[in-house]
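So the structure is just underneath, and the comments pick up after that.
Every number here is computed from the coordinates shown, using simple stated rules; none is lab data. On a predicted model such as this, the values are computed, not experimentally measured, just so you know. Counting neighbours? That spans all protein chains shown, and the Cβs are built from the backbone with ideal geometry, glycine included.
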Amino acid sequence: MSLPSELIFIIDLIALYAVYLIISISLNLEYGYAGIPNFGKMLAVAGGAFVAGSLPGRLAAYSLGIPVEDYVRDNVIIVTQVNVGLRNNASLAMLISLATLVAAAGVGGALGFVASYPARRLREDYLAITLLAMAEGIRVIGYNYPPLVGGTLGVQVADMLAWVIPEFRYPVASVLLFAIATIVLIYMHLTVNSPLGRTLRAIRDSEIAAATLGKDIVRMRMQVLVIGSALGALGGALYGLYAGGVIATAYDRVSWTFWPWVMVVLGGAANNIGVAMGTLVFVTFRKLITFYKGVLTPYLPFDVVWLDLILLGIVLILVLMYRPQGLLPEKPIFTISRDEIQKMAKARAAT
Amino acid sequence: MPPFISPTDALYCPTFGGVVELLDPLFRDAIIYGGLLTLLSTGLTLTYMTTKVPNFAHGTFATVGTYVSLTAARVWNQSPYLLLPLSFFLSALIALALYIIILRPLIRRRSSFAFLMVATLAFDLLLLGMLNVYADLLSRAFKVTSRYFVLRFEDFRFADQPGLFYVTPIAVLATIVAIHIALTRTKFGVAMRATVENPALSGVVGINVNLVYAVSWFIAGGLGGVSGSLLTLWIAGNPDVGPSMLPSIFASSIVGGFLNIYGAVLGGYLVGIAEILGTSYFAHWVGSFVIAYRPLIPLFIIGITLLLAPAGLTAIGKHSLARLVRRLVASK
């Protein structure tokens, strides 16, 4: 039994949406709420994907007792054996996936910390330049250091959902990814409506005012970059696990820095629901372009990919100029009403 | 003598056998690359000084020049040197368009700082897409190799050295002398310096601030285009040749202090030489595998500069040097 192509399209769309939702929501925390122009989002995403490419296969092979001489060289054979082994071992697969995601988030956070450390005290443009430049570095390492993700050839990633009935592998993956993305969205909603979130907005709107009120701006900035990068890496790792392969060249400035920026700006910075909408619009648009690429190709004397790049550039510039607040503008901070505070105060007085 | 290693280009064959190499090819490569970086970082610094926006599209201005050179050599059968003015004007007009059509309206609308940077990033991709379209059209219409093309053999040779070895330093010198004279001896240059210092006050005394900004973008784009035109006579050309140099260009400007034109020259040569000679000496000590990691050098340079002297080398004055020396003496 095979699924109809429309259904495959939607299943794939949901998975891609979930991955990009996590990344754009994390960028929204950094840029929308804290005002840090993270032009190196790709760094964290690639870091997470590289963890997904190098860790779970080795872990699974080790726990299943499969001999590993050279993981990258014998990658295809080992991954095939691992997938067979994981077919009857759902709990091991889940444990390894969890370990991978935790490791990815840790690596992402560390990368965010290291990349922004030199510019942490400087103005936002220096921070942006530093992050952009550092992000270029990780691809150079991934490309030239084969033990990580197979260098120029890439690696296959062991299928952590090998235990699911094959026809349902992709639908189950999409549902899981979407569930994780929803959890991230809820976590972010709670974070930005916490004292931390309000502090971040205060710093964004006036660093000096926030500093005079005793807020440690550098510390806050680093904290946000670490959280944002950890989430970005989570997204990258999920994408690696979902796609079943990682190759360094796939992690470029356009797909993992520029697109998330388009999603955030289009949806509305500092509005998570807006960013979720912007991401949906963007991912659907992109998916449709890829889906109907074949239709356009005979009429164009050049590759459709470039038209895609030109259109996105123009759309983003137009949004910046004519709708800078995005689809959904930022809303005032959600606070408890006066009545409720009074009720709480009374309740406390009564006890 | 260490084995010849050209980290950027394996296609180059030095004239071994019979001919005595008077000059280490590595030094020559470093001089050429440093000069080309200098042209780029000078332009970047110029736009940053005036408009205060780091232009992430600056690398792609160089690619424009690269494709002018390709068109000159393969379609019109001309020396790329003859078409340098065209490279200059084309890239200059593109940079001007970025400023006038996109950045100026955004600045007038009081867009956030990050939005201005995103706009340059968006323009970069727009331009990159158009250059790729041009490359595709070129290879279809004229059967020209428009990706990873080599124009090294279009360069003239003089006294057994490639022409670039002479042209690049001359171009840098001419640029910097011209900028120096303009800034110190002409009325417009003085107006430009005033605008950098305080745009609002300059406007009050009747300086056309917009014109100053527009001119600085024009010159910056032009220098980028010339650099890209020359670059392709030395390494293989491709649409991503400019964007891939972006970390090096920013490193050069940051080392130079980002607000100092002469600093950009210092930074460009420093980063260029560090990348070429540094990689080769590391390769000599550690092993040739490090050559591939050359793009990491500008990242280290950015990191170290921002940690130790965030305002760049040119901002290290006599006083801070004296303080450093005193501290070192005291610690002993």
- line: Computed ³J(HN,Hα) along the stretch A:263-268: with the Karplus parameters 6.51/-1.76/1.60, θ = phi - 60°, integer Hz and x for glycine or proline, the list is 4, 5, 5, 5, x, x
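What is the gain in length, in nm to one decimal, between B:TRP285 and B:VAL144 on full extension, counting 0.36 nm per residue of separation less the C-alpha to C-alpha distance?
Working: separation 141, 0.36 × 141 = 50.76 nm, distance 4.11 nm.
Gain on extension, B:TRP285 to B:VAL144, equals 46.6 nm.
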Distance between modelled label sites at B:TYR262 and A:ASP303, nm, 7 Å Cα→Cβ extension: 4.6
task: First check a/c for chain B, with a ≥ b ≥ c the square roots of the eigenvalues of its C-alpha gyration tensor; if it is under 1.5, answer rounded, and if not, answer prolate when a/b is larger than b/c or oblate otherwise.
output: oblate
Placed amide H near B:PHE149: partners under 5 Å, 5+ positions off or other chain: B:GLY237
task: Sort the stretch B:62-186 into rounded, prolate or oblate with this rule: let a ≥ b ≥ c be the square roots of the eigenvalues of the Cα gyration tensor; rounded if a/c is under 1.5, and if a/c is not under 1.5, prolate when a/b is larger than b/c, oblate otherwise.
output: oblate
- prompt: Residue farthest toward the positive end of the dipole of the protein assembly as shown, with Cβ of Lys/Arg at +1 and Asp/Glu at -1: which of B:SER244, B:VAL212, B:ALA194?
  reply: B:ALA194
query: If you find the alpha carbon centre of the stretch B:87-104 and of the stretch B:118-168, how far apart are they in angstrom?
result: 19
- request: Convert each backbone phi in the stretch B:274-282 into a coupling constant with the Karplus relation 6.51 cos²θ - 1.76 cosθ + 1.60 (shift: θ = phi - 60°), then list the ³J(HN,Hα) values in order as whole Hz, x for Gly and Pro.
  value: 4, 5, 7, 6, x, 4, 5, 5, 4
task: Sum -39500 (n - 2.57) across every DSSP H segment of at least 4 residues in the protein assembly as shown, then divide by the residue count to get the 222 nm mean residue ellipticity, nearest 500.
output: -22000 deg cm²/dmol
task: In a Gaussian network model over chain B where Cα atoms closer than 10 Å are linked, find which of B:LEU306, B:LEU86, B:LEU266 has the largest mean-square fluctuation.
output: B:LEU306
query: How many nm is it between the label spots at A:LEU122 and B:ILE304, if each spot is 7 Å from the Cα in line with the beta carbon?
result: 1.5
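Students often check this: by mean Cβ neighbours within 10 Å, which of A:223-229, A:248-254, B:185-191 ranks highest, and how do the rest follow?
For the peptides A:223-229, A:248-254, B:185-191, the packing ranking is A:223-229, A:248-254, B:185-191.
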- line: To the nearest 10 degrees, the tilt of helix A:195-205 (Cα long axis) against the first principal axis of the alpha carbons of chain A is 80
- line: Computed over chain A: longest principal axis from alpha-carbon atoms vs helix A:169-192 long axis, angle to nearest 10 degrees, is 20
- prompt: Each residue of the stretch B:176-182 in order: what ³J(HN,Hα) in whole Hz does its phi give by Karplus 6.51 cos²θ - 1.76 cosθ + 1.60, θ = phi - 60°, with x for Gly and Pro?
  reply: 6, 5, 4, 5, 4, 5, 4
- request: Return the FRET efficiency for the residue pair A:HIS189, B:LYS187: r is the Cβ-Cβ distance, R0 is 60 Å, and the value is rounded to the nearest 0.05.
  value: 0.55
message: Using Cβ counts within 10 Å as a stand-in for footprinting exposure, how do A:GLU6, A:GLU330 rank, fewest first?
response: A:GLU6, A:GLU330
- request: Take the alpha carbon gyration tensor of the stretch B:190-332, find the square roots of its eigenvalues, order them as a ≥ b ≥ c, and report rounded if a/c is under 1.5; if not, report prolate when a/b exceeds b/c, else oblate.
  value: oblate
- prompt: With contacts defined as alpha carbon pairs under 8 Å and 6 or more residues apart, what's the relative contact order of chain B in percent?
  reply: 33
message: Filter A:LYS287/B:LYS52; A:LYS293/B:LYS143; A:LYS287/A:LYS331; A:LYS331/B:LYS52; A:LYS215/A:LYS346; A:LYS293/B:LYS52 down to the pairs with a C-alpha to C-alpha distance above 28 Å, please.
response: A:LYS287/B:LYS52; A:LYS287/A:LYS331; A:LYS331/B:LYS52; A:LYS215/A:LYS346; A:LYS293/B:LYS52
statement: Nearest-0.05 FRET efficiency for A:VAL175 and A:LEU213 at R0 = 45 Å, using Cβ-Cβ distance, is 0.50
- request: Could I have the simple spin-label model distance between A:ARG58 and B:ARG326, label points 7 Å from Cα toward Cβ, reported in nm to one decimal?
  value: 5.2
- prompt: Which one of B:PHE218, B:PHE149, B:PHE123 has the biggest mean-square fluctuation once chain B is modelled by GNM with Cα springs under 10 Å?
  reply: B:PHE149
statement: Residues other than A:VAL192 with Cβ under 9 Å of its Cβ, Lys/Arg counted +1 and Asp/Glu -1, net out at +2
- line: Computed from the beta carbon distance with a Förster radius of 45 Å, FRET efficiency for A:LEU318 and A:ASP339 to the nearest 0.05 stands at 0.55
